[in-house]
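The values are calculated or read from the model by the stated rules, or taken from the named source; none is laboratory data. Computed from a prediction, not measured in an experiment: that's the story for all the values here. Counting neighbours? That spans all protein chains shown, and the Cβs are built from the backbone with ideal geometry, glycine included. SASA here: full protein model, heavy atoms, side chains in, ligands and nucleic acids out. Shrake-Rupley method; radii C 1.70, N 1.55, O 1.52, S 1.80 Å.
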Amino acid sequence: MKLNIQNMDLTAFTTALDRCKGQVWIVSEEGDKINLKSKLSQLVGISNIIKGATLTDVDIICEFKEDELILIDFLMYG
């Protein structure tokens, strides 16, 4: 699934990630892979976004199919 985080409610997104049972990764176009279930990765990512970094058109990979449904629901309805 593709993700564009511009103007995203990051608190709600991390809450949706916490609801996921398995691992969730964000994968950049260059192939970099970051575990979004890691609180350290979340903090580093959010701090970089606050500093002005943006991510667009990255892939989200979920370990379990039901976790994809959680994130799709978040993306569609907030």
Residues satisfying the stated conditions in the stretch 39-64, i.e. in a helix (DSSP H, G or I) and at pLDDT 70 or above: K39, L40, S41, Q42, L43, V44, G45
Selection status of D18, acidic (D, E), under 12 Å from I70 (Cβ atoms) and either modelled with pLDDT under 90 or open to solvent by 30 Å² or more (accessible area, probe 1.4 Å) (or both): yes
